[in-house]
1. Starting from the Cα-Cα distance between HIS178 and THR132, subtract it from 0.36 nm times their residue separation and give me the gain in nm to one decimal.
2. Report the local net charge at LYS175: Lys and Arg +1, Asp and Glu -1, summed over other residues whose C-beta lies under 14 Å from its C-beta.
3. What spacing in nm lies between the two simple spin-label points modelled at GLU106 and ARG89, each 7 Å away from Cα in the Cβ direction?
4. If the elastic network links every pair of Cα atoms under 10 Å, which of ALA58, ALA95, ALA30 fluctuates the most in the Gaussian network model of the chain?
5. Have a look at GLN151, GLN79, GLY135 and report the one farthest towards the positive end of the charge dipole of segment 34-154, computed about the Cα centre with Cβ charges (Lys/Arg +1, Asp/Glu -1).
6. Sequence neighbours fewer than 8 away in the same chain don't count; with that in mind, list the lysines whose C-alpha is under 22 Å from LYS170.
7. May I ask for the net charge around MET124, where only other residues with Cβ less than 15 Å from the Cβ of MET124 are counted and Lys, Arg are +1 while Asp, Glu are -1?
8. Suppose every Lys and Arg Cβ carries +1 and every Asp and Glu Cβ carries -1, with no other charges. What dipole size does segment 34-76 come out with about its Cα centre, to the nearest 20 debye?
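The values are calculated or read from the model by the stated rules, or taken from the named source; none is laboratory data. The structure presented is a predicted model; accordingly, all values stated were derived computationally and were not measured. Here the Cβ positions follow ideal geometry from the backbone for every residue, glycine too, while neighbour counts run over all protein chains shown. Surface accessibility is based on the protein's heavy atoms, side chains included, excluding ligands, DNA and RNA. Shrake-Rupley method; radii C 1.70, N 1.55, O 1.52, S 1.80 Å.
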Amino acid sequence: MVSLLGKILSRKPKCPYCQYELPKVPRNKAKCPQCRQQIYVKALPPKWDKALYTETQAKEIEQQEKQSKQKEADEKWRQLNQDLQQAMRRGDYQAMRDLYRDMALEAHRRGKTSLKLQEVAHEMELRHYQQTGIGKAEVLGTNCCDACQTQNGLVIDVSEGIKNQPIPYKGCTNKINHAAPDCWCVCTYIPVAG
């Protein structure tokens, strides 16, 4: 990690290039009035003290932050896969549904394709219904998009739903991450009694 070569702003702010004493702390990046170099302002953990950095230092910090986020995301994905394997061994369709949904959400947030994971999550919900003797399910699509509302109230046979997968609805336009290639369909099933 970049050592705190930048000047911590609890002292008088100085240009990280020429050490010129600045009249005030820049809010964002700014040019030094003395050497005309670009000064970058960063707040870093653990205390979130602001410090001034050179362009090279700022880029290095950004790269390290990006790598750290990727490492966290990879660890989360590894844990989801491990939990999914355990749920599969137990035959726990509810846990599988939740884990596939979490995986789909993680993929969607990263801007990756998530539709297949969403489909499998809904399939696991229907397989749980089937496992517990529920023969019919209703699509609840009121909290998604206009297209999904056309599916709202649709009652399906659980075994047919596993084959045909009415949700995620193919015409869904809802997204959390607008850069993601797929929708984020929030439609769900509810069991139909009797």
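1. Full-extension gain reported as 12.9 nm.
2. Residues near LYS175 contribute +1 overall.
3. Placing both labels 7 Å along Cα→Cβ, they lie 1.8 nm apart.
4. For the chain, modelled as a Gaussian network with Cα springs under 10 Å, the answer is ALA30.
5. Positive-most Cα among the choices belongs to GLN79.
6. Filter leaves LYS112, LYS116, LYS136.
7. 0
8. 160 debye
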